[in-house]
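The next block holds one structure in the form of structure tokens; read it before the comments.
Bear in mind these aren't lab numbers, they're just calculated from the coordinates by the rules spelled out. Just so we're clear, the structure is a prediction, and the values are computed from it rather than from any experiment. Positions of Cβ are generated from backbone atoms using ideal geometry, with glycine treated the same way; all protein chains shown enter the neighbour counts.
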């Protein structure tokens, strides 16, 4: 089956500004929101080998 994801789709709630800022920050690091959220969840749950995702540089004024 083409384009069959390996994981189940889940819904989470974020305010619009946070969701947009997360997209911008993820793209700046060559990642996407799902990847960052999965990395954070694995770290939070203390999964073996999991590391806290790198934080983006703060925006320049």
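Taking the chain as the reference, fit the longest principal axis to its C-alpha atoms, fit the long axis of helix 16-28 to the helix C-alpha atoms, and give the angle between the two in degrees, 0 to 90, nearest 10. Its long axis makes an angle of about 90 degrees. With the highest mean first, a sort of the peptides 25-35, 46-56 on other beta-carbon atoms found within 10 angstrom per residue produces 25-35, 46-56.
For residue 22 and residue 52, the difference between the fully extended length at 0.36 nm per residue and the C-alpha to C-alpha distance is 9.3 nm. Could you state the angle between the C-alpha long axis of helix 33-44 and the longest principal axis of the C-alpha atoms of the chain, as a value from 0 to 90 degrees rounded to the nearest 10? Value to nearest ten degrees: 80.
Would you work out if the chain is rounded, prolate or oblate? Take a ≥ b ≥ c from the square roots of the eigenvalues of the alpha-carbon gyration tensor; rounded if a/c is under 1.5, else prolate when a/b is larger than b/c, oblate otherwise. The shape class here is oblate.
Which whole-number percent gives the relative contact order of the chain, counting Cα pairs below 8 Å spaced six or more residues apart? Walk me through the intermediate numbers first.
Working: 24 pairs, mean separation 13.4, N = 61.
Relative contact order for the chain comes out at 22 percent.
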